[in-house]
1. If you average the C-alpha positions of the range 56-95 and of the range 30-54 separately, how far apart do those two centres end up, in angstrom?
2. Let me see the pair-distance distribution of the range 50-95: every alpha carbon pair, 5 Å bin width, integer percents in order.
Amino acid sequence: MAKRDNVRVLLGRGAGIVARAARTPLREALVRLQDEGLIELIPRHGMRVLPVSANDMKEIYEILAALESYAAEQVARRKPGRLELKPLISAIRDM
C-alpha cells in the first residue's frame, strides 16, 4: 500500500484544501504540470501557479462553451426526470 501524506493546497489569500494523497502520483502530476508550463516547482518550498495568458483563457472559454453546449444537448436528448436532475439543480443553486 502506498504511503499517503496530508497535502495542503493553498488557493490564493489563505483559502485552500487538505487531502490525502500518495507521494509518487502527486509528484508525477506536479512535474507534468510544470512541463506544460502551468506551475513552477520551487525545491523544498512548494510550487507556484503561473499566470495564464489572455490567448490561453480565450481558448479555455471556447472549449468550455463547446463542452457545455454538448452536455446540455445530451441531457435534453435523454429527457431526465426531476428526481434525476435534483443534484444538478442543487449544484446550480449553490453557485
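1. One Cα centre to the other: 29 Å.
2. 5, 17, 16, 20, 16, 12, 9, 5, 1
Each reported figure results from applying straightforward, stated rules to the coordinates on display, with no laboratory input. Small disclaimer: the values here were computed from a predicted structure and weren't measured.
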